There are 2 protein chains.
Amino acid sequence: MTTAHGRVETPVFMPVGTVGSVKGVFHRDLAEDVQAQIILGNTYHLYLRPGMEILERAGGLHRFSSWERPILTDSGGFQVFSLAENRKLTEQGCHFRSHIDGSKHLFTPEGVMDIQRTIGADLVMAFDECPPGTAPYDYAKKSLDLTHRWLERCFGQFRKTSPKYGYEQSLIPIVQGCVYPDLRVKSAEFVQQFDADGYAIGGLAVGEPAPVMYEMLEIVNGVLPRERSRYLMGVGTPVNILEAIARGVDMFDCVMPTRNGRNGMLFTSEGIINIRNEKWRADFSPIDPNGTSFVDKVYTKAYLRHLTIAGEMLAAQIASLHNLSFYLWLTGEARRRILDGTFGAWKEEMVVKLSKRL
Amino acid sequence: MTTAHGRVETPVFMPVGTVGSVKGVFHRDLAEDVQAQIILGNTYHLYLRPGMEILERAGGLHRFSSWERPILTDSGGFQVFSLAENRKLTEQGCHFRSHIDGSKHLFTPEGVMDIQRTIGADLVMAFDECPPGTAPYDYAKKSLDLTHRWLERCFGQFRKTSPKYGYEQSLIPIVQGCVYPDLRVKSAEFVQQFDADGYAIGGLAVGEPAPVMYEMLEIVNGVLPRERSRYLMGVGTPVNILEAIARGVDMFDCVMPTRNGRNGMLFTSEGIINIRNEKWRADFSPIDPNGTSFVDKVYTKAYLRHLTIAGEMLAAQIASLHNLSFYLWLTGEARRRILDGTFGAWKEEMVVKLSKRL
């Protein structure tokens, strides 16, 4: 995928930089150690704090946060429906109160496009409704129709406006439809009329069993054009990612590497480590001898366990760098395996290893 | 000062690595960015967690924490008297309960020497009683006598035992005596019988006015031998440090750069910044154009303010690196100024600047 801030080689994992920082990670380490190609920003959070005035005066999120590689922003839909208070959904958009100070706001498809013009991400997402994973068919169908009407309004506004900082942005539509095959097919067909640079798949990994998610991916990717990138939003575990790559997904984002890292869970090529476990107490071997981050060889499991139990910030920093590096290694290795034709066998082997608790 | 893990050029500031990590700072950044020559560990914390068994099996704190430069450990006295619960002081030592799990422990001069042999720091501190800054003369005198008897026991035990990891350690006595000139003189004379590699000054910056602290430093440094390093424990602000250097102090430690950094206070060569202030909201200039850390030029004040207000971990990391780098720059610059004979005038000028709120 080519953006104004550089080329992104897929499959790729995008670290989540909620309010303009990937939690606990210096931009230098994100670029050089993790080797992140692209990161995510959350429109909902950035809109509330630091706010549009500051981002515009800074010259956009890249300049504000000192990140020179590509950025993708979500549309705020997911956060409005999961974080905000007193939300009221209408045809026009979604009224809500800030989870920070209770102030009243309205997100509309047009408004969210303007906000994302101001944030200035390379890839901007359409504003959609995110129905719960358990939504019954009728609700899912009505919600999808609304999301499609909003998508038309998003493209209308996006095409009427220009980038603010002298570089192009791409608007990415989102395929919704819950766990209903006919709705997913309908949505995957509908979104193609906009001839976008990529297509996202939303509303998965929200509580449905993994096999159902994989089934939906097969259905949607059977309809989406092969020559455009497909982005599975908010997914997931290393196994989820490999299974989704096997089904044609190119891009991923998830808070799991940083959030679970902060809680002491490490993802490695040999399996999952809960570093709080007694068994690592006197294990003076490197955190991950196969790891690609500098922290993997410098620090031992016993030391990281000690810092985690003592509640030291450095533990969260080490675990976040390790996990992000592992996720980037995983998607990079998947790319190499796809190119040399060994992806299938490697994936089967890795899925077994990655499911193990060490 | 020369140690088994390398030479330390004084005056020097020693970052505090409480439980074996300087809060929020990778060892790599501490060595290469902050350019710390020596760091501190807290005996009380390390004794409770990870505990002696783990540290001994790891081969000492250097190997456990992957820090290859010199380490100094305090004796735990200060923490026992400020953090621990149910403490009971006797001639033998101090009984206390852990602030973590309430377990019962006893610190004696001999025991604390054995603990510090196991931790394996290059410089280990004598076990002393730390009376409150407001202690009346009679209490201060009795406390000092006890500290002196304990000092004899510390050296007795230290000289009876050998280093555990094949390199030499130095035991540093502590001059006490509260704010009473005659007690300070007596203590500064008493400690010299042990012909130590350096001498510490404890029990200052515990509530007394700064001029009283400076007076005590002049008195004590008038008595201590000129050719040995003097370490002022737990001090302080940049101004305190310059005033103490002017009065002959060589070594400092303090949690201020990291703790105040985590709360949004930045020390710079132009004055003190409270990054939470509204005035930095849209200030897109570098955090500190004169700063020596990589964060100083990469990030802007507006961005750091945003992260601080949003409670992002990265804010604490940036501020900690900046402040530590500033403290190391300050003591390094003091050294250069002393060597080229311009310290006096420079110090006067800096004291004015460093007291300013920007």
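The values are calculated or read from the model by the stated rules, or taken from the named source; none is laboratory data. Since this is a predicted model, take the numbers as computed values, not measurements. Neighbour counts run over all protein chains shown; Cβ positions are idealised from the backbone, glycine included.
Some notes on this structure:
- All positions within the range B:1-57 that are closer than 21 Å to B:MET125 by Cβ and polar (S, T, N, Q): B:THR2, B:THR3, B:THR10, B:THR18, B:SER21, B:GLN37, B:ASN42, B:THR43
- Residue in the range B:116-123 that is surrounded by fewer than 23 Cβ atoms within 10 Å (Cβ to Cβ), among the hydroxyl-bearing types (Ser, Thr, Tyr) and either out of contact with any Gly (no Cβ under 7 Å at 6 or more places or on another chain) or more than 14 Å from chain A (Cβ to nearest Cβ) (or both) present: yes
- B:THR300 being over 24 Å from B:GLY234 (Cβ atoms), modelled with pLDDT of 95 or more, among the polar types (S, T, N, Q) and crowded, with 17+ Cβ neighbours inside 10 Å: yes
- Qualifying residue in the range B:313-336 (condition: of a type in the set (D, E, K, R) and either in a loop (DSSP other than H, G, I, E, B) or within 14 Å of chain A (Cβ to nearest Cβ) (or both)): no
- Filter result (of a type outside the set (A, V, I, L, M) and either farther than 21 Å from A:LEU146 by Cα or touching an Asp or Glu at 6+ places or on another chain (Cβ under 9 Å) (or both)) within the range A:86-103: A:GLY93, A:CYS94, A:PHE96, A:ARG97, A:SER98, A:HIS99, A:ASP101, A:GLY102, A:SER103
- Among residues of the range B:45-60, those that are closer than 17 Å to A:TRP280 by Cα and either touching a Gly at 6+ places or on another chain (Cβ under 8 Å) or not in a helix (DSSP H, G or I) (or both), counted: 5
- In summary, B:MET251 fulfils each of the numbered conditions (1) within 28 Å of A:ALA316 (Cβ to Cβ); (2) in contact (Cβ under 8 Å) with a residue 24 or more places away in the chain with the single exception of condition (1).
- Output for the range B:163-182, where each listed residue is touching a residue at least 40 places away in the same chain (Cβ under 8 Å), closer than 19 Å to B:GLY248 by Cβ and not in a loop (DSSP other than H, G, I, E, B): B:ILE172, B:ILE174, B:VAL175
- The single residue among B:SER98, B:SER170, B:SER143 that is within 19 Å of B:GLY51 (Cβ to Cβ) and under 23 Å from the mean Cα position of the chain (by Cα) turns out to be B:SER98.
- If you go through the range B:105-126 and keep only what is part of a helix (DSSP H, G or I) and free of Cβ contacts under 8 Å to residues at least 24 places away in the same chain, you end up with just B:GLY111.
- Some residue of the range A:202-223 being surrounded by 16 or more Cβ atoms within 10 Å (Cβ to Cβ), more than 17 Å from A:MET251 (Cβ to Cβ) and touching a residue at least 40 places away in the same chain (Cβ under 8 Å): yes
- Taking the criterion of being aromatic (Phe, Trp, Tyr) and either surrounded by fewer than 22 Cβ atoms within 10 Å (Cβ to Cβ) or under 17 Å from A:GLU56 (Cβ atoms) (or both), the residues of the range A:124-144 that qualify are A:TYR137, A:TYR139.
For (1) of a type in the set (Gly, Ala, Ser); (2) in contact with a strand residue (DSSP E or B) (Cβ under 7 Å, 6 or more places away or on another chain); (3) under 23 Å from A:VAL249 (Cα atoms); (4) more than 14 Å from chain B (Cβ to nearest Cβ), each residue gets a yes or a no:
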position	(1), (2), (3), (4)
A:ARG7	no, no, yes, yes
A:VAL19	no, no, no, no
A:VAL25	no, no, no, no
A:GLU32	no, no, no, no
A:GLY51	yes, no, no, no
A:ILE54	no, no, no, no
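- Taken over the range A:295-304, residues that are within 28 Å of the chain's Cα centre (by Cα) and either more than 8 Å from chain B (Cβ to nearest Cβ) or more than 22 Å from B:SER320 (Cβ to Cβ) (or both) amount to 3.
- Residue that is surrounded by the fewest Cβ atoms within 10 Å (Cβ to Cβ), among those in the range B:61-103 that are modelled with pLDDT under 95 and among the basic types (Lys, Arg): B:LYS88
- One residue from B:ALA58, B:ALA36 being farther than 24 Å from B:THR292 by Cβ, in contact with a helix residue (DSSP H, G or I) (Cβ under 7 Å, 6 or more places away or on another chain) and among the hydrophobic types (A, V, I, L, M, F, W, C): B:ALA58
- Each residue in the range B:207-220 was checked for being of a type in the set (A, V, I, L, M) and out of contact with any helix residue (DSSP H, G or I) (no Cβ under 9 Å at 6 or more places or on another chain), and 1 pass.
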